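Trainee: Handing you a structure now.
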Amino acid sequence: MTSIPTEQTIDAAWLTERLNEAGHKVTVTGFQAKRIGTGQIGKCIRYALDLTGETAGAPTSLVGKFPSDDEISRATGVMLKNFIKEVSFYQQVQERLTIATPKCYFAAIDGEGPDFALLLEDLSPAVQGDQLNGCSVDVARASVLELVGLHAPSWNDETLRGKDWLGEPNAESIELNRSLYQGNIDGFAERYGARLKEDELAIIRKVADADPPMGDALPEPFALVHIDYRLDNLLIDESSAPPKITAVDWQSISLGSPLADVAYFMGAGLRSETRKQVEEEIVRAYHAALQDTGIEDYGWEACWADYRKGVFAGFFVTVIASMIVERTERGDEMFLTMARRHARHALDLGSDEFLV
């Protein structure tokens, strides 16, 4: 088994080996480590490197990712296969995609976790998106268009099916999600309900007993989906036009409806009043970009219908995750904001017609 380093055991020699394996003829003579980000399942450490040797083109900082210190979050990461999904993403599927992702220098896991380690490209000066404040229309458009690089290369690809770590919707997994939602909805309502509007809480509750809007099996079309494609999981560089978007936190990747990723981002990332003004234009741009890759048998009407059904993806992430990860003040504000925006999104689009 590959030896899996921890935050405490990583040293200059180990970092030197990783850079040498990547083709950089350098030696790490020292480094400074600093915790970054606000992850609740994993934790990220930035390593600022002191290098000697042929340093031209070699990275001067890297980011290590490890399991959370919190035992509940670690157990959650194993139960939901978050750790094995992310490591397997970098080991098995990253190279086939065109969506911007960090270069991976090391990826290893013990079984399905919780012990794992990733060593990734540091994308500074790009900064993590802010889920609470939302984003500009330009960032939203660039983020949605970046999804084409995930969805198009995996569009209806049967070779991706049957991978246990990846998974896909089926009667068993859908029932598990429903049970988790039903089991946590009362606690969610008790914690956040007083700060939600009546119609927002009502539709969040209604989802608990409704049939899945996308059905109880892998939908058509299907593709690789990020599942948690939102601002906190994107690194954004607005020094260019359009902004450069890089997707991180591949802990939930699965097969599913590609428009669920689009709807989830739009619902979570834009303030409702802004979203209503621009969402059709942005979704049409995504659809046109898909067609430009050669996907021509997926019409606009089907795309828009799948988008309207996809709004409920955010409900499941918000309700379930908010109740099973370590509770923090920022986490509470984030989940409350997501609940408001996703509920408003579904109501604005009349998507409650799919809840039967």
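Derivation of every value follows stated rules applied to the coordinates shown; laboratory data play no part. It should be emphasised that the depicted structure is a prediction, and the values quoted were computed from it without experimental measurement. Cβ sites come from the backbone with ideal geometry, for glycine too, and all protein chains shown count toward neighbours.
Trainee: Exposed loop sites here are trypsin sites (Lys or Arg not before Pro) in DSSP loop states with at most 15 other C-beta atoms within 10 Å. What is the longest stretch of the chain lacking them?
Mentor: Values: sites that count: Lys25, Lys103, Arg161, Lys163, Lys197, Arg271, Arg327.
With trypsin sites (Lys or Arg not before Pro) excluded where exposed in loops, the chain gives 26-102 as its longest stretch.
Trainee: Follow-up question, since we're still on this one. Could you let me know the centre-to-centre spacing of the range 182-258 and the range 104-129, using Cα atoms, in angstrom?
Mentor: Each part's Cα centre sits 22 Å from the other's.
Trainee: Follow-up question, since we're still on this one. Can you check what the net charge comes to around Thr16, using other residues whose Cβ is under 12 Å from the Cβ of Thr16 (Lys, Arg +1; Asp, Glu -1)? Walk me through the numbers on the way to the answer.
Mentor: On the way: positive: Arg18, Lys25; negative: Asp11, Glu17, Glu21, Asp50.
Residues near Thr16 contribute -2 overall.
Trainee: Counting each DSSP H run of 4 or more residues in the chain as -39500 (n - 2.57), what helix-only mean residue ellipticity at 222 nm follows after dividing by all residues, to the nearest 500 deg cm²/dmol? Write down the numbers at each step before the final one.
Mentor: Working: 12 runs with 149 residues, N = 356.
For the chain, the value works out to -13000 deg cm²/dmol.
Trainee: So, one more: Checking the a/c ratio against 1.5 first, then a/b against b/c, what shape does the Cα gyration tensor give for the range 140-218?
Mentor: Numbers: a/c = 2.84, a/b = 1.54, b/c = 1.85.
Since a/c reaches 1.5 but b/c is at least a/b, the shape of the range 140-218 is classed as oblate.
Trainee: Here's something else I'd like to know. Just how large is the dipole of the chain about the Cα centre, in debye to the nearest 20, putting +1 at every Lys and Arg Cβ and -1 at every Asp and Glu Cβ? Numbers along the way, then the final one.
Mentor: Details: 34 positive and 56 negative charges, 135 e Å.
Value, rounded to 20: 640 debye.
Trainee: If I stretch the segment between Asp11 and Ala48 completely, what's the gain in nm (0.36 nm per residue apart, minus their alpha carbon distance), one decimal?
Mentor: That pair, Asp11 and Ala48, stretches by 12.1 nm at full extension.
Trainee: Another question, if that's okay. Give the angle, between 0 and 90 degrees and rounded to the nearest 10, that separates the Cα long axis of helix 313-324 from the longest principal axis of the Cα atoms of the chain.
Mentor: Computed tilt is about 60 degrees.
Trainee: Continuing with the same structure: Using only Cα atoms, tell me the angle between helix 198-208 and the longest principal axis of the chain; keep it within 0 to 90° and round to the nearest 10.
Mentor: Here the helix axis deviates by roughly 80 degrees.
Trainee: Let me ask you something else. For the range 253-356, what are the per-bin percents of Cα-Cα distances with bins 5 Å wide, up to the bin holding the maximum?
Mentor: Each 5 Å bin holds this share of Cα pairs: 2, 12, 22, 23, 18, 12, 7, 3, 1, 0.
Trainee: With each pseudo-label sitting 7 Å past Cα toward Cβ, what's the Asn170-Ala202 distance in nm, one decimal?
Mentor: 3.8
Trainee: Let me ask something else about it. Using the alpha-carbon atoms, what tilt in degrees (0 to 90, nearest 10) does helix 171-192 show relative to the longest principal axis of the chain?
Mentor: Tilt of helix 171-192: around 80 degrees.
Trainee: Next question. In the range 249-356, which GluC sites (Glu not before Pro) are in a loop and have at most 12 other Cβ atoms within 10 Å, using DSSP for the loop call? All intermediate terms of the calculation are to be shown ahead of the outcome.
Mentor: On the way: sites: Glu273, Glu279, Glu280, Glu281, Glu296, Glu301, Glu326, Glu329, Glu333, Glu353; in loops: Glu296, Glu326.
Those that pass, being in a loop and sparsely packed, are Glu296.
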